[in-house]
Structures are given as C-alpha cells and as structure tokens.
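The structure appears right after this line, and notes come after that.
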Amino acid sequence: MISRENAYKLLNQYIQNANMIKHSVASEAVLRAIARKLDNDQEEWGIAGLLHDIDVEVTHADPFKHGPHAAVMLDGLLSPEAIDAIVMHNEMATGKERTTVFQHALAAGETITGLIMATAMVYPDRKLASVKTKSITKRMKEKAFAASVKRENILECELIGIPINDFAEMALAAMQEISDELGF
C-alpha cells in the first residue's frame, strides 16, 4: 500500500484546486476516525479518504467517469477493498448500490465534510472550533443549506452502526484536530 506521504504527493500531482485538497485531507481525517470506531485499518481507510477524489479534475467531475477512472489510477497502490470503496463513493458511475461497510463509510465520511465546512462558514469567525454538533444535525434537516450535500449519503453512517448525532460529533472532532491544516 502507498504511504501517506506518497499518497499526499500523488493527490497534489492530480488536484490543483486548494479547496479540493482540503476536502480530501478532511475526508482522510474523518475516515481515520470511522476506522478507529469500527476497529478497521486506520491507515488504509485514511488513505482511501485522502485519494477518493484523485480523478475529479482529470474526469472534469463527470458523474459517469469519476470513481472508475480513479480505480485505474490507483491500481496496485491500494487494496482492492479501498479501490472498491473509492469507486462506489460515486454510485452514479457504477449503476450499483453501496453494500459494504467500507463503501458506506467513505460515502458518508467524505460527504459530511462538506456539510461541516459549510456550517463553519456561516459562523462569524468561520472556524471549525466554533461549530457544535447540534448545528450540524440541525443543518442536515435544512435542504436549502449546502444544497449540493447529499444528506442520504451522510445518513449511510447509520447503516454501519453509527447514529447520525454520534457520526456528526466524531466527524467534527476529527476535522477540528486538523483545523490548522484545513485553514478553518
């Protein structure tokens, strides 16, 4: 498996957008927290979180190419399970539904990062430190807030045994730990 250092270099080789890099790093932190909670491999899950969007600029975020193209890019660098979770985080490209814990975890974990960042942006100081779990769960119910964030993906946390309130708290804490790196 690729090292975290080399995964980060690879990410920066293919992703130019600074906000997409931040999203990837936030996803890594959240996936590591999920792996810890579910007693899975934190390194493997974290790197899958870090690299899940590696093909987004190459595919121009085409929902029918994004994910499967990453599988080709990452072949031999990650486990088949990690590559499968990356492909399946964008189920539109496969025409299949997510079924594994890893697939659900990546879809929920990478998606909640957008809701948390959007929530931080409405605070006067725009800092993750100010965000409360209750604010995230409240924003989950507001369809117009961060409208592009797929709430149904976030709620897949419950399919892996983590209630939404616990999931929001865990994801927020993971992102707050790296807030300096995220710039929030």
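The values are calculated or read from the model by the stated rules, or taken from the named source; none is laboratory data. Predicted, not measured: the structure shown is a model, and the values here were computed from it. Cβ: placed from backbone, ideal geometry, glycine included. Neighbour counts: every protein chain shown.
Descriptive notes on the structure:
- Restricting the first member to segment 25-51 and to residues that are under 12 Å from Ala173 (Cβ atoms), and the second to residues that are outside any helix (DSSP H, G or I), the beta-carbon pairs closer than 6 Å and six or more apart or on different chains are Ala29/Ile178.
- Residues in segment 136-152 that are farther than 11 Å from Ile112 by Cβ and under 19 Å from the mean Cα position of the chain (by Cα): Phe145, Ala147, Ser148, Glu152.
- Sub-6 Å Cβ pairs linking a first residue in segment 76-89 that is more than 11 Å from Glu44 (Cα to Cα) to a second residue that is at pLDDT 95 or above and among the basic types (Lys, Arg), at least 6 apart or interchain, are Met88/Arg98, ordered by first then second residue.
- Scanning segment 74-90 for residues that are surrounded by fewer than 17 Cβ atoms within 10 Å (Cβ to Cβ) and assigned to a helix (DSSP H, G or I) returns a single hit, Pro80.
- Residue list for segment 90-137, restricted to those being without any contact (Cβ under 8 Å) to a residue 40 or more places away in the chain and of a type in the set (Phe, Trp, Tyr): Tyr123
- Any chance Lys65 is in contact (Cβ under 8 Å) with a residue 24 or more places away in the chain, assigned to a loop (DSSP other than H, G, I, E, B) and surrounded by fewer than 23 Cβ atoms within 10 Å (Cβ to Cβ): yes
- The residue that is nearest to the chain's Cα centre (by Cα), counting only those in segment 1-23 that are among the polar types (S, T, N, Q) and part of a helix (DSSP H, G or I), is Asn19.
- The helices (runs of 4 or more DSSP H) falling completely within segment 98-175 that include 1 or more residues that are closer than 14 Å to Ala33 by Cβ map to 101-121, 133-140.
- Thr99 vs. criteria modelled with pLDDT of 95 or more, crowded, with 17+ Cβ neighbours inside 10 Å and of a type in the set (Ser, Thr, Tyr): no
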